[in-house]
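For reference, the structure discussed in these notes is given below.
Please treat every number below as a calculation from the coordinates, not as lab data. Computed from a predicted model, the values in this text were never measured in an experiment. Glycine also receives a Cβ, built like all others from the backbone with ideal geometry; neighbour counts cover every protein chain displayed.
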Amino acid sequence: MTENAPAGWYAQPDGSQRYWDGSEWTPHIVPAGTPQPEAAPGDGNPDVPVSDSTATDDRPLWKKKRLIIPVAAVAALIGISALGTAMGGGGATDDVAASPSPSATVEEVVAEPTESPAPTTLTMPDVVGTNLQDAQDSLQALGSYFLDQEDASGEDRTQIVDSNWRVCTQEPVAGTEIPIEATVILASVKEDEPCPGDEPEDTTRADEQEEQDEPAERDEPDEPADEGPTETAGQRNARQSAESYLAFSAFSRSGLMDQLDYEGYDAADAEYAVDAVGADWNEQAVKSAESYLDFSAFSHSGLIDQLEYEGFTTAQATHGADSVDADWNEQAVKSAESYLDFSSFSRSGLIDQLVYEGFSREQATYAVDEVGL
């Protein structure tokens, strides 16, 4: 801001408004999205906010840590949070707090009114003998989403792939009218196993006789089948939430753990989940670096600092910055243009600002030449 600029409110790069009294910046800042005050700040204007810091920081806001998340990622995370609640993993209904919101505005979508009220009860269908996945689909089609699964064999096994299991019993029984939010319990066994009580008595006796007729060496117990790792309900829900987050955005290991903690998962379940998803954190750093460069200009060292701020290790952040296909001279030009869009600079002042952002003096000089200073 030059000395001859008139006093008034001026837009900042992050979308906020800051007051210039004609000679210097004041600590009065209006957050992004808030209407600009009609009067100058002062004792007579209590509605004008003042920043928390008592000391004035004359550095441009771009010098501070920046946190940029695409609008699409924000909308996706909001949808995932709702999904996490339905799966029972716990979650907050507030906006995802792992990263600050971008300066762009997400328009509120208003749902159309329904023509008729949603049903409050349902009549239980008969799903005994059907595939567990098909049974769940049938119940969900009727509006029943409170489903609990049990191992009918009594071995307390986890149904990891529902399509490999068959329903033996259901509670409530078929034909019962129940509230839509009532919990339905489905007990099942693997597709190649009989349900308890299904084996005919004579078949059992024949099997016993056959075992008695077999040679002694056949009496050795077989090694237990490898049924894969077992998970608690909390671990399973946390892992599924972690997989959903990684499908929509890039996270560091610590950043993903923080997000799961924010959703209400136990710390031990969150740590299990981030390890169980098997993510390549170097690859996540590359994706995050590419996302940042899509929305702002960074120097090589500035991008590393931003990735470290997101929770990546120095090695991972360096790998991410080295792996992106970035022209750092071009990044310096974009950064110089961004500064000039919001303030006035001398040639040497703009070069110094770009060097402060992490660009080399050669890159900064190239950028200033390109913008015509």
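In terms of the mean number of neighbouring beta-carbon atoms within 10 Å, the peptides 164-170, 32-38 order highest first as 164-170, 32-38.
Can you give the alpha-carbon Rg of region 300-373 over 2.2 N^0.38 Å, where N counts its residues?
Values: Rg = 13.2 Å, N = 74, 2.2 N^0.38 = 11.3 Å.
That ratio works out to 1.17.
Put simply, when 271-278, 142-149 are sorted by average Cβ atoms within 10 angstrom per residue, most first, you get 271-278, 142-149.
Suppose R0 equals 45 Å; then what is the FRET efficiency for residue 7 and residue 145 from their Cβ-Cβ distance, rounded to the nearest 0.05? Working shown, then result.
Numbers: r = 59 Å, r/R0 = 1.30.
About 0.15, to the nearest 0.05.
For the pair residue 40 and residue 180, a Förster radius of 51 Å applied to the C-beta separation gives a FRET efficiency near 0.30, rounded to the nearest 0.05. Prolate is the label for region 244-328. Its Cα gyration tensor axes, ordered a ≥ b ≥ c, give a/c of at least 1.5 and a/b above b/c. Amide H contacts of residue 169 (H built 1.01 Å from N, in plane; Pro and chain starts excluded): 187 sit under 5 Å, all sequence-distant by 5 or more or on other chains.
On the beta carbon distance between residue 287 and residue 32, with R0 = 30 Å, the FRET formula returns roughly 0.70. Placing dummy labels 7 Å off each Cα toward the beta-carbon, the span from residue 121 to residue 373 is 7.5 nm. Between residue 246 and residue 325, the contour length at 0.36 nm per residue exceeds the Cα-Cα span by 26.2 nm. Taken as Cα centroids, region 122-158 and region 301-367 sit 55 Å apart, rounded to the nearest whole angstrom.
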